[in-house]
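To start, the structure under review is shown below, and the notes come after it.
The values are calculated or read from the model by the stated rules, or taken from the named source; none is laboratory data. All figures in this text were calculated on a predicted structure; none of them were measured in a lab. Positions of Cβ are generated from backbone atoms using ideal geometry, with glycine treated the same way; all protein chains shown enter the neighbour counts. Each accessible area value is taken on the protein alone, full model and side chains, heavy atoms only, with ligands, DNA and RNA left out. Shrake-Rupley method; radii C 1.70, N 1.55, O 1.52, S 1.80 Å.
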Amino acid sequence: MGYIRELLWPRRCPVCGEVAPWGEWICPECRDRLPRVKEPRCKRCGLPIAEAEEEYCENCRERDRSFDDGVVGFRYNSPVVRNLILQAKDRNLRQYYDYPCALMAEIYRERIRRFLPECLIPVPLYPAKRRQRGFNQSEEIARRLSEAWGIPMRPEILRRIRATRDQKILGTAGRAANVAGAFAVPPGVRAPLRAALVDDVITTGATMDACALALKKAGCRAVISVALTGSGGNLLES
């Protein structure tokens, strides 16, 4: 079935959009065009910092975090990565998540294994937003990481209980206020003791904070933030 599927619907490279070589997720010449987030990184959210001696990025230095650790795969500030994420989300090209998720799963496999999360929890969309888009991008990413890491995905554990404004149009303080109290663990649902929160992009960490706080209010003891891409720290355009 895989042969027939690829014959009828050939996989396209998530970077250039051309048909990828047979059996590949990405063109060989495009592999190095996805800039990874590298050291030095913030010890809390996982975004890059200018100097290793700083230990934490500005956002994590200025506020207490509800999540305990964090990893980020790729630099959202890169036009290549930003285009990939927007194409996947806005044009329903969900197959574009396949390669970056597979690579991120490989990079952070041991880090996640040491954290010992019971499950992966995608950052939820408000129901009306999910119906409008047709899918939750964070759930698509979490599903791929779940399969690669062998950790169950549990989207039912966390709900977005009120609509929020688009975070992109808000400043740091506005983002935190926008999502404050927007998430909750439904009544009767048991929160895991250790969990990994999954989202497509992390910038100030406000959404991850609000989600982690809701989980901890429900009894979760440790939360790791897992973002496919990140914009912040000392990330530069490339």
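Within region 15-53, being among the acidic types (Asp, Glu) and in contact (Cβ under 8 Å) with a residue 12 or more places away in the chain holds for Glu24, Glu39. Being within 17 Å of the chain's Cα centre (by Cα) and of a type in the set (Asp, Glu) is the filter; apply it to region 113-153 and report the residue that is nearest to Pro100 (Cα to Cα). Here the residue is Glu140.
Yes or no: Gly73 under 28 Å from Lys129 (Cβ atoms), open to solvent by less than 70 Å² (accessible area, probe 1.4 Å), in a loop (DSSP other than H, G, I, E, B) and at pLDDT 90 or above? No.
Only one entry of Cys30, Cys60 meets the criterion of being farther than 30 Å from Arg114 by Cβ and either touching a helix residue (DSSP H, G or I) at 6+ places or on another chain (Cβ under 6 Å) or outside any strand (DSSP E or B) (or both), and that entry is Cys30. Among the numbered conditions (1) in contact with a Lys or Arg (Cβ under 6 Å, 6 or more places away or on another chain); (2) not in a loop (DSSP other than H, G, I, E, B), the only one that Arg44 does not meet is (2). For the criterion of being at pLDDT 95 or above, open to solvent by less than 10 Å² (accessible area, probe 1.4 Å) and within 11 Å of the chain's Cα centre (by Cα), Ala196 passes. Restricted to region 33-49, and to residues that are closer than 21 Å to Leu86 by Cβ and open to solvent by 60 Å² or more (accessible area, probe 1.4 Å), which residue is modelled with the lowest pLDDT? The qualifying residue modelled with the lowest pLDDT is Arg33. Does Glu18 satisfy being out of contact with any strand residue (DSSP E or B) (no Cβ under 8 Å at 6 or more places or on another chain), open to solvent by 10 Å² or more (accessible area, probe 1.4 Å) and not polar (S, T, N, Q)? Criteria not met by Glu18.
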